[in-house]
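Accompanying notes for the structure given below.
What follows is calculated from the coordinates using simple rules that are stated; it is not laboratory data. Just so it is clear, the model here is predicted, and its values are computed rather than measured. Methodologically, a virtual Cβ is constructed for each residue, glycine included, from the backbone with ideal geometry; neighbour enumeration extends over all protein chains shown.
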Amino acid sequence: MIKVIHVLSDMKIGGAGSWLLNLLGAINKERFEIKVVLPQGSMLADKIRNSGFEVIFVEGIKDKSYDARAVNVLYYIFRAERPDIVHTHASLSARLAARRAGARIINTKHCIDGRITGIRRYAGAFINDRYCDSIIAVSEAVKRDIAENGVTNDKISVVYGGINPVKILDNKEKSLVRQKWGITEGETVVGIVARLAEVKGHKYFIDAVEIISRDNADVRFLIAGTGPKEEELRELVKQKGLTDKVVFTGFVDRIYEIFNIIDINVISSLSEALCLSLIEGMSAGKPSVATDTGGIPEVVKDGYNGFLVPPGDAERLADAILKLIYDPELRKTMGDRGREMMEKSFTADIMAEKIKELYESVVRKNRGE
């Protein structure tokens, strides 16, 4: 059995947390013994324990990559647990401790940094070379970003984030969900499921809502999620006189309900490594409208399972959404294609199999096999 410890410093369930939960749900538990290190109070803890995995809490890693005291704490944990692999998610503290403890290190890169120059580029390349045995990029776009910042290609493996298809509700259940959010049966629903942060570009989505609402009264817009920009975005909706058109759902634990009732799944990000919420929408047969940035074009093929628009262009975003609002048949065709793409390339089982192969390869190399 291969022993693996994952280390994730996030307090909330973002892309990295969702990635980990999907992996844990699909990984072969007879082949791998897995424990997870988290900061005290992380929203991930209960979900991981409910999946049957042990959680180890560590102070000093909350929402940050490096803490000198945490390095020592993690070192003693790794020395006691003796994992074959420490699998990190941006935690430099854990990588330093793992190398000191003699464990192999895999780091998953969940974001795009952009071009780094000067001493930061040199330092980043050195850290990734010295304190990683392998790096997982969640998309080809992330791999290019890592390579451009000085990491050799042979150290990087692309493993797409995979999901479990969202639960599909029957018509009666969908009707009840629509009623919960005050949506009538005749309204088309356009939704965005993303953390309410600057990089997600909600401002441009709201600008697009304003454009669409000038000519179409039978559309409602759902903004699902929480984040630092929530109050600012609510105020923007109020200023634009769109409070009767836009529903802020806040945190939704049963997020499958949202994907069941939306007709068009939108992502307006300014930068995006891959975007699991697009893939979740695809699993429910929903067409996508998304920005042409990062790894999104690897998920949304323009004109096939959705439309791609330039980041920060509210008019183009509105135009693409309107095409789907006015063409229910196109929505169905693109939604069906998206579901097929998800089943072929973006399932949790496919992801888990590739991670299994990588774990086994790293362990074999360590043993000199």
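For the Cα trace of the range 1-129, dividing Rg by the Kirkwood Rh returns an Rg/Rh value of 0.96. Comparing Cα centroids, the range 149-195 and the range 91-113 end up 29 angstrom apart. Between the alpha-carbon centres of the range 274-331 and the range 25-59 there is a gap of 33 Å.
Backbone amide hydrogens, once placed in the peptide plane, bring residue 54 within less than 5 Å of 36, excluding anything fewer than 5 places away on its chain.
Whole number please: convex hull volume per residue of the Cα set in the range 171-345, in Å³? Intermediate values should be presented prior to the final figure.
On the way: hull volume 18.2 nm³, N = 175.
Hull volume normalised by residue count: 104 Å³.
On the basis of the beta-carbon distance and an R0 of 41 Å, residue 46 and residue 360 show a calculated FRET efficiency of 0.85. Translational D (Stokes-Einstein, µm²/s) of the chain at 20 °C and 1.002 mPa s when Rh comes from the Kirkwood sum over C-alpha pairs? Diffusion coefficient, whole number: 100 µm²/s.
Model label points for residue 177 and residue 154, set 7 angstrom from Cα along the Cα-to-Cβ axis, are 4.8 nm apart.
Using +1 on the beta carbon of Lys and Arg, -1 on that of Asp and Glu, and nothing else charged, what's the dipole of the range 171-345 about the Cα centre, debye to 20? Before the final figure, lay out each step's value.
Numbers: 24 positive and 29 negative charges, 69 e Å.
Dipole of the range 171-345, to the nearest 20 debye: 340 debye.
For a quick protection proxy, order the peptides 9-22, 178-191 by their average other-Cβ count within 10 Å, most packed first.
So the order, starting with the most tightly packed, is 9-22, 178-191.
Its convex hull of Cα atoms gives the range 83-230 a direction-averaged projected area, equal to a quarter of the hull surface, of 13.0 nm². Note: relative contact order over the chain, using C-alpha pairs below 8 Å and six or more positions apart, is 15 percent. Using C-alpha pairs under 8 Å with a sequence gap of at least 6, the mean separation divided by the residue count of the range 171-345 gives a relative contact order of 22 percent. By DSSP, the beta bridges lying fully in the chain are antiparallel in about 0 percent of cases.
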